[in-house]
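Here the structure comes first, spelled out in C-alpha cells, and everything after it is commentary.
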Amino acid sequence: MNGIFITFEGTEGSGKSTQIVLLMEKLSALGLTVHRLREPGGTPIGEEIRHTLKHSEANNAMTSEAELLLMNASRAQLVREVIRPALASGHVVLCDRFYDSTTAYQGYGRELDLKKVAEIIEFAVGETKPDLTLMLHVPVAVSEARRQSRQAILLEVPPEKSRKNASPLPFDEKLRDRMEEADRSFFERVEKGYLAIAAADPARVKTIDAAQSREAVTEQIWRLVEPLVKKAQASR
C-alpha cells in the first residue's frame with residue numbers, strides 16, 4: 001500500500017488535536033499503521049526546538065526571522081527522520097500542522113516576505129508534500145475565546161510543572177504558549193493567510209467549518225479521507 005500523508009491546519013482552538021485523535025482511531029481500527037505527529041516537534045530534536053519556540057521563559061526576544069528558521073529546522077528533521085520512512089513503508093502519517101502553518105503564521109502573521117518563506121519551506125521539505133490538508137476554520141472571535149479559556153487553565157498549573165523533560169510526543173502538556181500571546185490583529189492576518197492558501201490550492205486543501213458539532217466535523221473529515229484510503233488499499 002502506498003503511504004498517505006494528511007495534515008491538519010487551522011488557527012488556535014479549531015479542534016485539530018481532537019479530530020486527529022478521532023481519525024487516528026478510525027484508521028487504526030481498519031488495520032492501518034498510523035503515525036500521529038505535530039509541528040513543531042515530532043522528534044527528540046524537534047521537541048527541544050518546540051520548547052524554545054513556544055514554552056521557554058527565555059524566548060520573549062525571539063525575532064520573526066529566528067522563529068521562521070527554527071520552525072523549519074524542526075520540520076526538516078521530522079521529514080527525514082519520521083515522515084519519509086513512514087510513507088515509504090506504506091503507513092499513514094497524520095500531522096498537526098505542517099508548512100501551511102508557516103506560510104500563515106510567519107508569512108502572513110509575522111509579515112515576513114512570502115517568497116523567502118516559500119524558499120525556506122522548500123529547502124526544509126523538498127518533495128515531501130501532503131496528499132490532503134484538512135483546514136479546520138473557526139472565526140477569529142471563536143478562536144480568541146478558546147485561546148483565552150486555555151490561558152485561564154494554564155494559570156492553575158503550578159510553576160514547577162511549567163517545564164517537562166523533552167520527549168518525542170508529549171501531547172498532553174499544558175504549558176504557556178508564546179504563539180497564543182499574539183494580539184487579535186496577528187490572528188486576523190493568520191486567518192487571511194489560511195484563506196489565501198486554501199484558495200490557491202483547492203485540490204489539496206479542504207476547508208471545514210469547525211464551528212459545527214464535533215460529530216459533524218468528524219463525518220466531513222472522513223468523507224474526504226476515505227477515498228484516499230480506498231485508493232491506497234487498492235494499490236496493494
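Data overview
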read-out: Checklist (1) more than 17 Å from residue 196 (Cα to Cα); (2) under 15 Å from the mean Cα position of the chain (by Cα); (3) among the basic types (Lys, Arg) applied to residue 84, failing item; value: (2)
read-out: Filter result for residue 103 (modelled with pLDDT of 95 or more, open to solvent by 20 Å² or more (accessible area, probe 1.4 Å) and closer than 30 Å to residue 227 by Cβ); value: yes
read-out: Residue within the range 39-61 that is more than 19 Å from residue 136 (Cα to Cα), out of contact with any Leu (no Cβ under 6 Å at 6 or more places or on another chain) and in a strand (DSSP E or B) present; value: no
read-out: Any helices (runs of 4 or more DSSP H) falling wholly within the range 62-115 and containing at least 1 residues that are closer than 23 Å to residue 136 by Cα; value: 64-78, 99-102
read-out: Exclusive hit being surrounded by fewer than 18 Cβ atoms within 10 Å (Cβ to Cβ) and modelled with pLDDT of 95 or more, set 88, 58; value: 88
read-out: Looking only at the range 24-36, and only at residues there that are in contact (Cβ under 8 Å) with a residue 40 or more places away in the chain and open to solvent by 10 Å² or more (accessible area, probe 1.4 Å), the one that is nearest to the chain's Cα centre (by Cα); value: 36
read-out: Test set (1) over 19 Å from residue 9 (Cα atoms); (2) at pLDDT 80 or above; (3) surrounded by 15 or more Cβ atoms within 10 Å (Cβ to Cβ) - residue 190 fails condition number; value: (1)
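The values are calculated or read from the model by the stated rules, or taken from the named source; none is laboratory data. Just so we're clear, the structure is a prediction, and the values are computed from it rather than from any experiment. Note that we place each Cβ from the backbone using ideal geometry, even for glycine, and neighbour counts take in every protein chain shown. Surface accessibility is based on the protein's heavy atoms, side chains included, excluding ligands, DNA and RNA. Shrake-Rupley method; radii C 1.70, N 1.55, O 1.52, S 1.80 Å.
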